[in-house]
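Engineer: Sharing a structure with you now.
The values are calculated or read from the model by the stated rules, or taken from the named source; none is laboratory data. Just so you know, these numbers come straight off a predicted model, no measurement behind them. So basically every Cβ, Gly included, is an ideal-geometry build from the backbone, and we count neighbours across all protein chains shown.
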Amino acid sequence: MYQSLEIFYEKIDQCPLRDRQFNFFELVYVISGIGDHVVNGNKIAYSAGDLFLITPNDCHEFNLEGICEFMVVRFDEKYIREYQWKSIDHIECLLYYASHLSGSVLVNKDDQQMVGLLIQNLKKTTEYQSVYNEDLTRHLVNAIIVIAARNIAVMRPRNISSHTDNRILQILDYIQEHIRNPKLLKVEAIAEKFGLSGTYLGSYFRKHCDESIQHYISSYKIRLIEHRLSFSDKRVHEIADEFGFTDESHINKFFKRHKGLSLKAYKTEMTH
């Protein structure tokens, strides 16, 4: 990126870059068309009105079925940190939390309509240069970011809000970042990282999230494994390697303990 914020419109019949990976955030709004969006090996169908958030270091591409129109907004960490968000603290942490597990980040219907209107105005603003265009563009982009963030927030534990203690948000961010590294997810390792005792971390996490830290980590890992099974072609041993399990037997025991069925049975169930 040459600037901290870049916006452009695309009308294409094939993705110009395949399997691409950037070090900035990218919001991609589907104006028209259908196809599949592939993020980190997960394939998810898209259609008009979907809004995808690609976080730094995600690997993604679009498989288009015919001509599609997109509005693309790129911004870096500096852009997020410089803006005074006021009502939503740690919005950067919320954006990093987006896991692309359910495709479009817009889960609220009213927000879908609102973003659609904002995108229309953003497209017009970029087409016609006029006085105060840069300020207007930033206001429109910021509105879209806030709407995306509040939709992403529903994926967090229900107790988490914009007014939650800063440290719990940092801990959740840390867990997501290291979800594939079991050693770094041990209570002792997390406690040491944040200057807490293991006992205090347990009670602190339960107080803010209304569940144990071990349960949260296991649930989050299960969600990721479920979506690997649903949206990717990865084999069980590949998924086991990705999440630091010793072998297929180990990941199957973990999955069956939480879901009541094996990975193979779950995948079979999903395909019927």
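Engineer: Quick one: in the stretch 44-68, which of the residues that are more than 21 Å from Asp111 (Cα to Cα) and over 18 Å from the mean Cα position of the chain (by Cα) is surrounded by the most Cβ atoms within 10 Å (Cβ to Cβ)?
Structural biologist: Among them, the one singled out is Cys68.
Engineer: Also: Given the residues Ser232, Ser203, Ser262, Ser197, which is the only one that is in contact (Cβ under 8 Å) with a residue 12 or more places away in the chain and not hydrophobic (A, V, I, L, M, F, W, C)?
Structural biologist: Ser232
Engineer: For the stretch 167-207, give me each residue that is within 20 Å of Leu95 (Cβ to Cβ) and of a type outside the set (A, V, I, L, M).
Structural biologist: Listed by number, the residues that qualify are Arg167, Gln170, Asp173, Tyr174, Gln176, Glu177, His178, Arg180.
Engineer: Right, here's the next one. Do we have any residue at all in the stretch 164-175 that's modelled with pLDDT of 90 or more and surrounded by fewer than 17 Cβ atoms within 10 Å (Cβ to Cβ)?
Structural biologist: Within the stretch 164-175, not a single residue is modelled with pLDDT of 90 or more and surrounded by fewer than 17 Cβ atoms within 10 Å (Cβ to Cβ).
Engineer: Then there's this: Can you tell me which condition Gly33 does not meet? The list is (1) in contact (Cβ under 8 Å) with a residue 40 or more places away in the chain; (2) buried (at least 18 other Cβ atoms within 10 Å of the Cβ), and all the others hold.
Structural biologist: For Gly33, the exception is condition (1).
Engineer: Restrict the check to the stretch 193-212 and report whether at least one residue is surrounded by fewer than 19 Cβ atoms within 10 Å (Cβ to Cβ), within 30 Å of Gly35 (Cβ to Cβ) and among the β-branched types (Val, Ile, Thr).
Structural biologist: Scanning the stretch 193-212, I find no residue that is surrounded by fewer than 19 Cβ atoms within 10 Å (Cβ to Cβ), within 30 Å of Gly35 (Cβ to Cβ) and among the β-branched types (Val, Ile, Thr), so the answer is no.
Engineer: Let me ask something else. Of the residues Val30, Val72, which is outside the structural domain of Asp233 (by TED's automatic domain parsing), modelled with pLDDT of 95 or more, in contact with a Gly (Cβ under 8 Å, 6 or more places away or on another chain) and of a type outside the set (Asp, Glu)?
Structural biologist: Val30
Engineer: Looking at the structure I just gave you, is Asn181 at pLDDT 90 or above, surrounded by 15 or more Cβ atoms within 10 Å (Cβ to Cβ) and among the polar types (S, T, N, Q)?
Structural biologist: So Asn181 fails the test.
Engineer: Of the residues Asp13, Asp36, which single one is of a type in the set (D, E, K, R) and in contact with a Gly (Cβ under 7 Å, 6 or more places away or on another chain)?
Structural biologist: Values: Asp36 fails: in contact with a Gly (Cβ under 7 Å, 6 or more places away or on another chain).
Asp13 is the lone residue from the list that is of a type in the set (D, E, K, R) and in contact with a Gly (Cβ under 7 Å, 6 or more places away or on another chain).
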